[in-house]
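Q: This is the structure I want to talk about, given as structure tokens.
The values are calculated or read from the model by the stated rules, or taken from the named source; none is laboratory data. The structure displayed is predicted, hence computed values, not measured ones. Counting neighbours? That spans all protein chains shown, and the Cβs are built from the backbone with ideal geometry, glycine included. Ligands, DNA and RNA are excluded from the accessible area calculation, which covers all protein heavy atoms including side chains. Shrake-Rupley method; radii C 1.70, N 1.55, O 1.52, S 1.80 Å.
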Amino acid sequence: MKAYNFAFFDEGSKREIRRATVKAISIPGYQVPFASREMPIARGWGTGGLQLTLSLLGQDDIVKVIDQGCDESVNAVNIKKFINKMTGIRETEQTATATIIQSRHRIPEVELRADQILVLQVPIPEPLREVEPSEYITQRLHADQEYSAIWLMLFEQIMKHNKMTTGADHPVLVHQRYVMSPSPIPRYDNCKLHNSKALILLGAGREKKIYAIPPYTTVQSLAFNDYPFQTEDFSGRTCHLCGASAVYFDELIDEESGHKYYQCNDSSYCLQRLNQELL
Amino acid sequence: MTIYDPHAVQKAYRKLIDSLSKPGTINILDEFRDSKDIKIPCNDSTYLFMQMLLDTEVTFHILGQNSETISKYVSQITYAKSAPLHEADFIFLLQNREAGQLVNAIEQCKSGELINPHQSATLIVEVEKISKEEKYQLKGPGIETVQFMNIYEKDNWIEARAQKNINYPIGIDIYFLDPEARLLALPRTTIIDGLT
């Protein structure tokens with residue numbers, strides 16, 4: 001599309017996002033503010049991730065976009081179409097083929113490599129937001145490494161429910177300095193952040209923040225000695241399509257019989273297994 | 001070759017990200033050799049970094065011979081403003097600088113505050129040679145076990161950098177470039193140990 005610069009943005013916008021990104025890589029887990037441009041999709045629909053992706057993309061890249069593990073959901077397809085219109089680069093659904101993977105709320109099942117970059121879309125980048133509404137104050141809490149409120153939040157969950165009830169977006173401690181929101185990935189995916197081989201970039205368009213986890217960085221999910229961090233339990237369950245076990249599942253219910261069954265949440269992983277590419 | 005090639009800058013940016021996220025990794029910006037059509041006395045890769053990082057939003061400082069003349073030139077090309085050493089966002093140290101200027105720049109440049117650690121200076125330093133010789137051992141985020149490097153530089157900058165970065169997350173990030181277009185980046189999190 002000749003009316004636009006390569007990758008949609010003018011070079012000044014790319015430069016500003018790139019400057020924020022290199023600072024984010026240098027200070028793992030720290031939220032670097034950036035200008036966050038108006039995008040042709042609404043804020044809250046992946047504009048932070050999309051801005052990061054567009055600032056990274058080159059003519060030789062192969063991009064994969066997933067939404068809740070699915071390559072074919074409306075959000076993922078629209079973002080892919082937009083990227084393709086603005087760059088003309090190749091798309092893929094196979095995790096191993098992609099050079100840049102933009103994802104909403106999942107980390108792919110196939111382990112990422114050192115030459116890949118994972119871009120996560122983030123709705124609320126501030127892990128302390130639930131306990132402190134003021135941005136002015138949360139900045140100072142991060143500066144002082146004062147995280148007692150978030151520990152108290154987890155403690156209260158244990159007191160009420162006898163377990164931590166964070167579900168997705170369980171806070172993590174990065175490089176033993178910053179408490180960070182990992183974006184609303186399931187707890188199952190938190191472990192993949194620790195010592196990841198791939199660079200992980202997180203972008204929040206509405207909240208105007210970029211942050212990062214470099215490869216081989218210590219990422220610990222917040223937990224107590226007597227209440228260790230627990231991932232979702234899928235033991236004894238298998239995918240009704242490909243037979244996979246020990247992956248993150250969607251729980252489905254047969255409306256007629258009321259019977260529960262399970263399916264791989266990562267649709268390309270499931271498809272590749274069905275096509276016997278990953279067996 | 002035009003004055004600004006967005007694809008060349010994008011490739012250089014990806015190599016910078018690779019070197020910065022995996023300290024000790026040397027990338028070669030070889031596609032950019034002899035690519036500039038504006039002659040200023042710096043490496044081609046340094047000029048490319050100026051294009052990648054500088055615009056009206058940031059300030060810079062150049063240390064080297066004829067730095068005032070070069071600064072005016074860089075301002076005209078990038079629209080970025082020159083600033084004193086202790087205020088500049090990006091500090092470019094050219095290879096023809098005087099001895100001691102690298103250590104002085106590390107000591108004098110801004111290192112951010114606890115609330116805004118990203119408001120620190122980034123140093124882009126031209127050195128004689130960058131290699132994987134096992135003179136220095138690197139540890140920290142981005143490194144699985146250890147990495148090794150050697151940077152041929154007369155100034156004793158290792159100790160000055162360690163002092164500057166002692167109160168993490170406050171600190172500075174340094175990108176090294178050599179005449180063979182090698183790039184090595186050291187974020188503030190990397191710990192350097194000298195090997196005997």
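Q: May I ask you to list the residues in the range B:148-172 that are over 17 Å from the mean Cα position of the chain (by Cα) and buried (at least 22 other Cβ atoms within 10 Å of the Cβ)?
A: B:P169
Q: Continuing with the same structure: Can you name the condition, by its number, that B:M50 falls short on among (1) closer than 19 Å to B:E126 by Cβ; (2) free of Cβ contacts under 8 Å to residues at least 40 places away in the same chain; (3) in contact with a helix residue (DSSP H, G or I) (Cβ under 9 Å, 6 or more places away or on another chain)?
A: Of everything listed in (1) closer than 19 Å to B:E126 by Cβ; (2) free of Cβ contacts under 8 Å to residues at least 40 places away in the same chain; (3) in contact with a helix residue (DSSP H, G or I) (Cβ under 9 Å, 6 or more places away or on another chain), B:M50 misses just condition (2).
Q: So A:A98 passes all but one of these: (1) open to solvent by less than 10 Å² (accessible area, probe 1.4 Å); (2) part of a loop (DSSP other than H, G, I, E, B); (3) in contact (Cβ under 8 Å) with a residue 60 or more places away in the chain. Which condition number does it fail?
A: Unmet condition: (3).
Q: Among all residue pairs at least 6 apart or on different chains, which show Cβ distances below 7 Å where the first residue, located in the range B:185-196, is in contact (Cβ under 8 Å) with a residue 24 or more places away in the chain and more than 19 Å from B:C109 (Cα to Cα) and the second is acidic (D, E) and open to solvent by 60 Å² or more (accessible area, probe 1.4 Å)?
A: Taking only residues 6 or more apart or on different chains, the pairs are B:L195/B:E134.
Q: Please count how many residues of the range B:101-117 are open to solvent by 30 Å² or more (accessible area, probe 1.4 Å) and either among the polar types (S, T, N, Q) or under 15 Å from B:D89 (Cβ atoms) (or both).
A: Final tally of qualifying residues: 6.
For (1) part of a helix (DSSP H, G or I); (2) facing another protein chain (nearest Cβ under 10 Å), each residue gets a yes or a no:
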site: A:V22; (1), (2): yes, yes
site: A:Y30; (1), (2): no, yes
site: A:R37; (1), (2): no, no
site: A:W45; (1), (2): no, no
site: A:L50; (1), (2): yes, no
site: A:V63; (1), (2): no, no
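Q: Checking the condition polar (S, T, N, Q), at the interface with chain B (Cβ under 10 Å from one of its Cβ atoms) and touching a His at 6+ places or on another chain (Cβ under 7 Å), which residue from A:Q68, A:Q59 passes?
A: A:Q59
Q: Would you call A:I200 open to solvent by less than 10 Å² (accessible area, probe 1.4 Å), part of a strand (DSSP E or B), within 17 Å of A:I66 (Cα to Cα) and of a type outside the set (D, E)? Even if it seems obvious, please write down each step before you answer.
A: Details: open to solvent by less than 10 Å² (accessible area, probe 1.4 Å): yes; part of a strand (DSSP E or B): yes; within 17 Å of A:I66 (Cα to Cα): yes; of a type outside the set (D, E): yes.
So A:I200 passes the test.
Q: Follow-up. Report yes if A:A20 is under 19 Å from the mean Cα position of the chain (by Cα) and assigned by TED's automatic domain parsing to the domain that holds A:E126, otherwise no. Outline the logic, then answer.
A: On the way: under 19 Å from the mean Cα position of the chain (by Cα): yes; assigned by TED's automatic domain parsing to the domain that holds A:E126: yes.
Considered against the rule, which asks whether it is under 19 Å from the mean Cα position of the chain (by Cα) and assigned by TED's automatic domain parsing to the domain that holds A:E126, A:A20 comes out as yes.
Q: Tell me yes or no: at least one residue of the range B:40-51 is farther than 22 Å from B:A185 by Cα, hydrophobic (A, V, I, L, M, F, W, C) and assigned to a helix (DSSP H, G or I).
A: There is no residue in the range B:40-51 that is farther than 22 Å from B:A185 by Cα, hydrophobic (A, V, I, L, M, F, W, C) and assigned to a helix (DSSP H, G or I).
Q: Are any residues in the range A:154-189 in contact (Cβ under 8 Å) with a residue 12 or more places away in the chain and more than 25 Å from A:G203 (Cβ to Cβ), and if so, which ones? Break it down stepwise before answering.
A: Within the range A:154-189, the subset in contact (Cβ under 8 Å) with a residue 12 or more places away in the chain is A:154-155, A:158, A:163-164, A:166-189.
Passing the criteria: A:L154, A:F155, A:I158, A:K163, A:M164.
Q: Okay, moving on. I need the full set of residues from the range A:1-13 which are without any contact (Cβ under 8 Å) to a residue 60 or more places away in the chain and either more than 8 Å from chain B (Cβ to nearest Cβ) or within 25 Å of A:L141 (Cβ to Cβ) (or both), in order please.
A: Step one: of the range A:1-13, the residues without any contact (Cβ under 8 Å) to a residue 60 or more places away in the chain are A:2-3, A:5, A:9-13.
Those that are without any contact (Cβ under 8 Å) to a residue 60 or more places away in the chain and either more than 8 Å from chain B (Cβ to nearest Cβ) or within 25 Å of A:L141 (Cβ to Cβ) (or both): A:K2, A:A3, A:F9, A:D10, A:S13.
Q: Check B:E144 against each of (1) among the acidic types (D, E); (2) within 14 Å of the chain's Cα centre (by Cα); (3) open to solvent by 10 Å² or more (accessible area, probe 1.4 Å) and name the one condition it does not meet.
A: (2)
Q: Continuing with the same structure: I'd like the residue in the range B:92-138 that is part of a loop (DSSP other than H, G, I, E, B) and polar (S, T, N, Q) and, out of all such residues, is farthest from the other protein chains (Cβ to nearest Cβ). Talk me through it step by step, then tell me what you get.
A: First pass over the range B:92-138, keeping only residues part of a loop (DSSP other than H, G, I, E, B): B:94-100, B:109-110, B:112-119, B:121, B:127-128.
Keeping just the survivors that are polar (S, T, N, Q) gives B:95-96, B:116, B:119.
Working: B:Q95: 23, B:N96: 26, B:N116: 8, B:Q119: 9 Å.
Applying the filter and picking the extreme gives B:N96.
Q: Test A:A168 against the stated conditions and say whether it is modelled with pLDDT under 95 and either assigned to a helix (DSSP H, G or I) or surrounded by 15 or more Cβ atoms within 10 Å (Cβ to Cβ) (or both).
A: Details: modelled with pLDDT under 95: yes; either assigned to a helix (DSSP H, G or I) or surrounded by 15 or more Cβ atoms within 10 Å (Cβ to Cβ) (or both): yes.
Taking the combined requirement at face value, the residue satisfies it.
Q: Considering (1) modelled with pLDDT under 95; (2) surrounded by fewer than 16 Cβ atoms within 10 Å (Cβ to Cβ); (3) in a loop (DSSP other than H, G, I, E, B); (4) not acidic (D, E), say which one B:H86 fails and leave the rest.
A: Result: B:H86 passes all but (1).
Q: If I ask for residues that are more than 11 Å from chain B (Cβ to nearest Cβ) and assigned to a helix (DSSP H, G or I), which ones from the range A:138-156 would you list?
A: Of everything in the range A:138-156, those that are more than 11 Å from chain B (Cβ to nearest Cβ) and assigned to a helix (DSSP H, G or I) turn out to be A:S148, A:A149, A:I150, A:W151, A:L152, A:M153, A:L154, A:F155, A:E156.
Q: For the range A:172-185, enumerate the residues that are at negative phi and open to solvent by 10 Å² or more (accessible area, probe 1.4 Å). Let's see the steps before the verdict.
A: To start, the set of residues in the range A:172-185 that are at negative phi comprises A:172-174, A:177-182, A:184-185.
Answer for the range A:172-185, where residues must be at negative phi and open to solvent by 10 Å² or more (accessible area, probe 1.4 Å): A:L173, A:R177, A:P184.
Each row is one residue, and each column tells you yes or no for (1) away from chain B (no Cβ under 14 Å); (2) within 15 Å of the chain's Cα centre (by Cα); (3) among the β-branched types (V, I, T); (4) farther than 29 Å from A:H259 by Cβ.
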{"site": "A:M159", "(1), (2), (3), (4)": "yes, no, no, yes"}
{"site": "A:Y178", "(1), (2), (3), (4)": "no, no, no, yes"}
{"site": "A:T231", "(1), (2), (3), (4)": "yes, no, yes, no"}
{"site": "A:F234", "(1), (2), (3), (4)": "yes, no, no, no"}
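Q: What number of residues within the range A:203-227 are on the phi > 0 side of the Ramachandran plot and either open to solvent by less than 10 Å² (accessible area, probe 1.4 Å) or more than 14 Å from every other protein chain (Cβ to nearest Cβ) (or both)?
A: Going through the range A:203-227, the residues on the phi > 0 side of the Ramachandran plot turn out to be A:208, A:216.
Then drop every residue that is not either open to solvent by less than 10 Å² (accessible area, probe 1.4 Å) or more than 14 Å from every other protein chain (Cβ to nearest Cβ) (or both), which leaves none.
Matching residues across the range A:203-227 total 0.
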